[in-house]
Amino acid sequence: MYEFDIITPNSIDAAKSEFDAAEDGQFLAGGQTLIPVLKQRLAMPSDLIDLEHVHGLSGISASGDTISIKAMTRHTEVAADHEVQAAIPALAKLANGIGDMHVRNRGTIGGSIANNDPAADYPAAVLALHATIVTDRREILADHFFTGMFETALEEGELITEIHFPIPEAASYMKFANPATRYALVGVMVAKSHNNVRVAITGAGPCVFRDAEMEQALMGNFSPESIKDGMIPADDLNTDIHASREYRAHLISVMVRRAVAEAVG
Amino acid sequence: MDTTNITNGIGKSQERREDFRFLTGAGSYIDDMNLDGQAYATVLRSPEAHADVSSIDITEALALDGVLAIITGEDWKVAGYNPIPTKSAVRKAIDGSDLKEPPHHPLAIDRVRYVGQPVALVVAESIDVCKDAMELIDVDYDSLPSVSHQSEAIKDGAPQIWDIAPNNICLDFELGDQKAQKKAFSEADHIVTLNLVNNRVTAVPIEPRGALASYDAGTGKYTLWNASQNIHAGRDTIADAVLGIGKENLHHIAPDVGGGFGVKNGVYPEPILILHATKLLERPVKWFNDRSESFLSDTHGRDQVSTVQLALDKDGTFRGLRTETVGNLGAFCATVGPFTPTGGSSRTQGGPYRFDAIYYTAIAPFTNTCPLDPYRGAGRPEGSYQMDRIIDYAAAQLGMDPIELRRKNLIPTEDLPMKSPMGLDIDCGNFPEVFEQTIAMSDRDGYDARVQKSAAAGKKRGFGISMYLECTGGGPKEEAKVSFREDGKIDLSVGSSSTGMGHETAFAQILAGHLGLEIDDVVFRQADTEATAIGGGHGGSRGLEVGGSAVLQTSREIVEAGKKIAAHKFDVDADKVEFSEGHFHVPGSNHTMTMREAIDAQNDPDMLPDDMEPGALNISSVFERGIISIPNGGHAVEVEVDPETGTIKVDGYWVMDDFGTIINPMLADGQVMGGVAQGLGQALMENIVYDDGGQLVTGSLMDYAMPRADDMPRMVIGYYEDAPTAKNLLGVKGAGEAGCVGAPPAIVNAVCDALKDFGVHHIDMPLTPERVWRAIEDAKAS
Amino acid sequence: MPLITVHVNGVETTKEVEPRTLLSTFIREELKLTGTHVGCDTSQCGACVVSIDGKTIKSCASFAWQFDGAKIQTIEGLANGTELHPMQEAFRTHHGLQCGFCTPGMVMTAVALVENNPDISENGIREGLEGNICRCTGYQNIIDAVKTGAKAMRG
């Protein structure tokens, strides 16, 4: 690892000003991706600004039709939260399937979303559930947040503080795990609310994405039969030693059908 | 040999004595050891598969604060050391010419030939400084065309890796009677042909390789603590063959070793490099691989492509078998490398089945990949896969029942002992009985109901079986040295080495059991060139067969010597004295003396007969086995396949093994279950992949999939114990590798059985979900 | 360099650490507790698992300074002198270890799994161990050990 300095601010304002003051600062929000990257010398930040002790950045609350999760809330906490389990069980299930127990005890939802790994689980939930990402300076709708591989709408130094998840009528997350990493080879979140259906797919492309054709078909008839093979063209999907783009395209259809079947109950 | 009179202590699931330290974090592995004043070393590895090294500039790196030395191929050339020799037991090609052995220097000299090949050793005050320095070394590579796959390497026009090896061929090989095979084929009703792949895998012991070296300028002696399975042979190669320092000047020790599986058997560049560095700097030097470096530099295993042909009659009788293999060696001849696809893969061809004739040939080419060397089984898993896969494939092609086909062709007991068509001495066993017991234990009665249940969930269930034949014993000689301390402790030193197999327990169990002493008093020492004069290390499932036999032999000699002491006390002839359950006694008299009393007496001249010196019970004995033993057994597997995704769930696993006498069933079970897991890994997920440019695609645990707890089925294991072998003193047949020999064919057979309705009859390993899905889709389309 | 105070296996220690010092390195090299092993560099193998305030983490994927003030338990802190923790005892009884290298992480994980769910099922154990790789045992004896250890921990 290269050398760096550390800063452990207590407030969002302090975190921001430390970031601005640093030559090449990097927020640390759990570190389950960042630390392995640093170990491999693939990044060289001048300063790590640890968000762990920033007040008010952790916790889960439910109000009416929304579940709000603060950015530094760990995966374990989301998975075990009774309000999440009751309101959006698919989100609790997703959180409980990230990495492994040890990773879930450290990793945070804000860190995961800000990193936007193409194979991460959370982006699928954020996008399918039509969540709003609250930052230190604005609110960003999920549809505008994930902009590309490891890229988001976050500006330099912009900090996620909270994510608002509207509670759907029904939702389900189905993941086909990479056998080596247990990341999503294909992960599919299907969410239904007020005649609206959103299908978000992670692991399969360079960035999490929705599929309009599947959503239309499911809005017409929210049933597994609505999803036909070949609805997703393989052309733009990832291809690697674990799965070709054709296989990923096929898996998406299968996972969406299974997610819908589970959501229908 | 006399396999009777193996007394108490045998057959008992004795808990392991080493476990307390392992469970409390008190084990001492290489990276847990540190010496005063120690420096650290890392290895700069080639990023190129094949390239000329036109220059290496170390100026900037050397100037970095904390850097102590940087050693390059140029330094190595100047030092004049010899290359690392191969010890392959097969050394001649078919035409009698020598195998082509390119010079394997620990550092690349002028040219690199695989990604990961050591280019420079950096020694510094800390690992971080080493890594900083590596980034400052400027190496100019002039890329050359490379070849990664063995089938490509032997084609005309392929990039040539070594001038001495035209068409990249190191050697070719044949075994068996070609004429008889051709005759059998011409007479048979059917010839079934199957091309198959034994995928390239790597052992991944959870402890990476590492070593710690020190040098005493006063005595000129080196000490090397090394995470190695083969201490004595390694010392000889490193000290005598490579460095020329004389083996008496290298004390080679393996501390606790975190798994080996063959991959820690060979002689590697890095320990040699740090021996050079420790003398140069007169400071201890430690090196420890990262996991990602392990993928690049630990020898890989398997990687054979084969064409297998089975000739059989209409009634299913096997007549002949023909196997042609191309086995990848990587860029160099590793320690045993050329042996694996040749001799190692040939001996068990045909398995426990009867044939008129078998003919095996192999070509072993070099490629621009990491060298290959034995990995658990080293040739026998390949042979077992070829044999038991083609049986199921032939059954599918000819509309036969694979279970009946096996039943019909197993070598009957009345044929034993016999010499197999491959020259293997099969002395004992009962293949038909082991087969029937395998079937009987695998809950066939409940199978149809489980098939229905799977079908109702949209899944396909299948059953598969394999009948493996093993040959074990590894290095033939072993020493066991016993000495009794005055405080009652018993020092037991053995030259074999355990990397998790539990010798500290099993060997102590044999010694204490035989002598009627307390196992807790035994102080065990292994894998240390100063503890025993010779040592065969670990390899070929030899621990118990050869090491255990040596312990028993020494124990027996102690008893014989003890009888003389007892006879002297009783004033009778020694041949009148008998020994049982820890007591010397004379039948028909009330003379009695315990072993402990005899031990106490051994240092008192008054208690000894005239022809005995004090310390006469402190005995070291070397056991030498005859021919290798023949473990065998059956694996039965049930799988459930999700045809929509291609996912395989291994849902039932049964093993019946003939390991002869079972010394400690708990340890034997552990060996089998661990072996099955590795076989399952090879069958379903593990795969080392190089791209066409020679880059390693599976370079970390992020890409190389390994079985986890939720990938494994519950395994049921039984032992057929009615056929102890007379080839060693314990009647045992090696248990260490059998699990991963029998597993791949049984699992693939079960999957193909599940998919037979689709018309899928073969899929190459690893059977990843995508491969299974594609096989189904392709079958549907055709 | 940050100065941190940690409570490791009940013993309070204050030390300076470099920012880039991983918790695993700190435990092994500064505290000389070498039972915590490092088997990979990508945080897959789980040999380095330790428990922080009752929760398991991979010590190779965290920095030492992040645990200022924390209670850290390593494999060395589990037994009471020569008396093994019931989970350690169960691993021994069931031959749930061979080479011993993954064992510290396995045992620490097993204890946490049972503390979180005293009646954990076989499937629960298998899934709960997904962050820990063993190359020797085929896992079955580990599973059986965790079941027995769970029973003993329930008392």
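In this structure, is B:Pro417 touching a residue at least 40 places away in the same chain (Cβ under 8 Å) and either touching a strand residue (DSSP E or B) at 6+ places or on another chain (Cβ under 9 Å) or within 29 Å of B:Tyr359 (Cβ to Cβ) (or both)?
Working: touching a residue at least 40 places away in the same chain (Cβ under 8 Å): no; either touching a strand residue (DSSP E or B) at 6+ places or on another chain (Cβ under 9 Å) or within 29 Å of B:Tyr359 (Cβ to Cβ) (or both): yes.
So B:Pro417 fails the test.
Taking first residues from the stretch C:104-116 that are within 13 Å of B:Phe22 (Cβ to Cβ) and facing chain B (nearest Cβ under 10 Å) and partners that are assigned to a helix (DSSP H, G or I) and open to solvent by less than 10 Å² (accessible area, probe 1.4 Å), the Cβ contacts under 7 Å between residues at least 6 apart in sequence or on separate chains come to C:Pro104/C:Ile75; C:Met106/C:Ile142; C:Val107/B:Leu23; C:Val107/C:Ile75; C:Val107/C:Met87; C:Val107/C:Gln88; C:Val107/C:Phe91. The lone criterion from (1) open to solvent by less than 50 Å² (accessible area, probe 1.4 Å); (2) under 30 Å from B:Arg113 (Cα atoms) left unmet by B:Cys428 is number (2). Being open to solvent by 10 Å² or more (accessible area, probe 1.4 Å) and closer than 22 Å to B:Arg283 by Cβ is true of B:Asp128.
Is it the case that the stretch C:57-69 has a residue that's at the interface with another protein chain (Cβ under 7 Å from one of its Cβ atoms), more than 10 Å from the chain's Cα centre (by Cα), in a loop (DSSP other than H, G, I, E, B) and more than 18 Å from B:Asp19 (Cα to Cα)? For the stretch C:57-69, residues at the interface with another protein chain (Cβ under 7 Å from one of its Cβ atoms), more than 10 Å from the chain's Cα centre (by Cα), in a loop (DSSP other than H, G, I, E, B) and more than 18 Å from B:Asp19 (Cα to Cα): present. Is there a residue being touching a Pro at 6+ places or on another chain (Cβ under 8 Å), hydroxyl-bearing (Ser, Thr, Tyr) and either under 25 Å from A:Ala125 (Cβ atoms) or away from chain C (no Cβ under 12 Å) (or both) anywhere in the stretch A:21-42? No, the conditions are met nowhere in the stretch A:21-42. Applying the criterion of at least 1 residues that are open to solvent by 20 Å² or more (accessible area, probe 1.4 Å) and among the basic types (Lys, Arg) to the strands (runs of 3 or more DSSP E) found wholly in the stretch B:9-105 leaves B:39-45. In the stretch B:754-768, the residue that is farthest from the other protein chains (Cβ to nearest Cβ) out of those that are open to solvent by 40 Å² or more (accessible area, probe 1.4 Å) and part of a helix (DSSP H, G or I) is B:Lys756. Pairing each residue of the stretch A:90-107 that is among the aromatic types (Phe, Trp, Tyr) with any residue that is crowded, with 24+ Cβ neighbours inside 10 Å, provided the two are 6+ apart or on different chains, yields no C-beta distance under 6 Å.
Exactly one residue among C:Ser51, C:Ser62 is open to solvent by 10 Å² or more (accessible area, probe 1.4 Å), outside the structural domain of C:Gly124 (by TED's automatic domain parsing) and hydroxyl-bearing (Ser, Thr, Tyr), and that residue is C:Ser51.
Within the stretch B:494-503, none of the residues are more than 29 Å from B:Ile238 (Cα to Cα) and over 17 Å from the mean Cα position of the chain (by Cα). Considering only residues in the stretch A:88-123 that are touching a Phe, Trp or Tyr at 6+ places or on another chain (Cβ under 7 Å), in a helix (DSSP H, G or I) and open to solvent by less than 20 Å² (accessible area, probe 1.4 Å), the one that is nearest to A:Ser172 (Cα to Cα) turns out to be A:Ala90.
Write out, first by first residue and then by second, each pair whose Cβ atoms fall under 8 Å of each other, whose residues are 6+ apart or on separate chains, and whose first residue, in the stretch C:11-29, is more than 10 Å from chain A (Cβ to nearest Cβ) and assigned to a strand (DSSP E or B) while the second is open to solvent by 50 Å² or more (accessible area, probe 1.4 Å) and of a type in the set (A, V, I, L, M). Sorted first by the residue in the stretch C:11-29, then by its partner, the pairs are C:Thr14/C:Leu3; C:Lys15/C:Leu3; C:Glu16/C:Met1; C:Glu16/C:Leu3. Among the residues of this structure, A:Gly187 does not count as one that is assigned to a loop (DSSP other than H, G, I, E, B), modelled with pLDDT of 95 or more, among the small types (Gly, Ala, Ser) and outside the structural domain of A:His130 (by TED's automatic domain parsing). Listed conditions (1) within 13 Å of the chain's Cα centre (by Cα); (2) without any contact (Cβ under 8 Å) to a residue 40 or more places away in the chain are all met by A:Ile140, apart from (1). Counting only helices (runs of 4 or more DSSP H) that sit completely within the stretch B:363-455, those holding 2 or more residues that are among the β-branched types (Val, Ile, Thr) and over 24 Å from the mean Cα position of the chain (by Cα) correspond to B:380-398, B:431-441. Do we have C:Val50 as within 12 Å of chain B (Cβ to nearest Cβ), assigned to a strand (DSSP E or B) and over 21 Å from B:Ser294 (Cα atoms) here? Yes, satisfied. Could you please find all residues in the stretch B:28-48 being among the hydrophobic types (A, V, I, L, M, F, W, C) and over 18 Å from B:Ile58 (Cα atoms)? Within the stretch B:28-48, B:Ile30, B:Met33, B:Leu35, B:Ala39 meet the criteria.
Pick from the stretch A:3-38 the residues that are outside any helix (DSSP H, G or I), out of contact with any Lys or Arg (no Cβ under 8 Å at 6 or more places or on another chain) and acidic (Asp, Glu): which of them is surrounded by the most Cβ atoms within 10 Å (Cβ to Cβ)?
Keep residues of the stretch A:3-38 that are outside any helix (DSSP H, G or I), which gives A:3-11, A:22-33.
Adding the requirement that they be out of contact with any Lys or Arg (no Cβ under 8 Å at 6 or more places or on another chain) leaves A:5-11, A:22-29, A:33.
Among the residues that remain, those that are also acidic (Asp, Glu) are: A:5, A:23-24.
Working: A:Asp5: 14, A:Glu23: 8, A:Asp24: 10.
Per the criteria, the residue is A:Asp5.
Report yes if some residue within the stretch B:689-700 is within 22 Å of A:Ala243 (Cα to Cα), in a loop (DSSP other than H, G, I, E, B) and facing chain C (nearest Cβ under 9 Å); otherwise report no.
Here is the first cut: in the stretch B:689-700, the residues within 22 Å of A:Ala243 (Cα to Cα) are B:689-700.
Remaining after also requiring in a loop (DSSP other than H, G, I, E, B): B:689, B:691-695, B:697-700.
Now narrow it down to the ones that are facing chain C (nearest Cβ under 9 Å): B:700.
Looking for residues that are within 22 Å of A:Ala243 (Cα to Cα), in a loop (DSSP other than H, G, I, E, B) and facing chain C (nearest Cβ under 9 Å), one finds at least one in the stretch B:689-700, hence yes.
Has the stretch B:144-167 got at least one residue that is within 14 Å of chain C (Cβ to nearest Cβ), of a type in the set (Asp, Glu) and either over 30 Å from B:Gly259 (Cα atoms) or touching a residue at least 24 places away in the same chain (Cβ under 8 Å) (or both)?
Applying the first criterion (within 14 Å of chain C (Cβ to nearest Cβ)) to the stretch B:144-167 yields none.
No; the residues of the stretch B:144-167 include none that is within 14 Å of chain C (Cβ to nearest Cβ), of a type in the set (Asp, Glu) and either over 30 Å from B:Gly259 (Cα atoms) or touching a residue at least 24 places away in the same chain (Cβ under 8 Å) (or both).
Just one of (1) within 23 Å of C:Gly46 (Cβ to Cβ); (2) in a helix (DSSP H, G or I); (3) open to solvent by 10 Å² or more (accessible area, probe 1.4 Å) fails for B:Asp703. It is (2).
Answer with yes or no whether C:Thr36 is facing chain B (nearest Cβ under 9 Å), in contact with a helix residue (DSSP H, G or I) (Cβ under 6 Å, 6 or more places away or on another chain) and either open to solvent by 10 Å² or more (accessible area, probe 1.4 Å) or not small (Gly, Ala, Ser) (or both). Show your work before the answer.
Numbers: facing chain B (nearest Cβ under 9 Å): yes; in contact with a helix residue (DSSP H, G or I) (Cβ under 6 Å, 6 or more places away or on another chain): yes; either open to solvent by 10 Å² or more (accessible area, probe 1.4 Å) or not small (Gly, Ala, Ser) (or both): yes.
For C:Thr36, the condition - facing chain B (nearest Cβ under 9 Å), in contact with a helix residue (DSSP H, G or I) (Cβ under 6 Å, 6 or more places away or on another chain) and either open to solvent by 10 Å² or more (accessible area, probe 1.4 Å) or not small (Gly, Ala, Ser) (or both) - is met.
Confirm whether B:Asp298 is over 26 Å from B:Ile465 (Cα atoms) and buried (at least 24 other Cβ atoms within 10 Å of the Cβ). Yes; evaluated as a whole, the condition is true for this residue.
Being surrounded by fewer than 24 Cβ atoms within 10 Å (Cβ to Cβ) and not in a loop (DSSP other than H, G, I, E, B) is not true of A:Glu155. Pull up the stretch A:217-247, narrow it to residues that are open to solvent by less than 10 Å² (accessible area, probe 1.4 Å) and not β-branched (Val, Ile, Thr), then point me to the one that is nearest to B:Ile776 (Cα to Cα). That would be A:Tyr247.
Could we say that B:Lys92 is closer than 27 Å to B:Ala378 by Cα and more than 14 Å from chain C (Cβ to nearest Cβ) here? Break it down into steps so the answer makes sense when it comes.
Working: closer than 27 Å to B:Ala378 by Cα: yes; more than 14 Å from chain C (Cβ to nearest Cβ): yes.
Yes, satisfied.
The values are calculated or read from the model by the stated rules, or taken from the named source; none is laboratory data. The structure presented is a predicted model; accordingly, all values stated were derived computationally and were not measured. Because the Cβ atoms are built from the backbone with ideal geometry, glycine has one as well, and the counts that use them run over all protein chains shown. Only protein heavy atoms, including side chains, enter the accessible area calculation; ligands, DNA and RNA are left aside. Shrake-Rupley method; radii C 1.70, N 1.55, O 1.52, S 1.80 Å.
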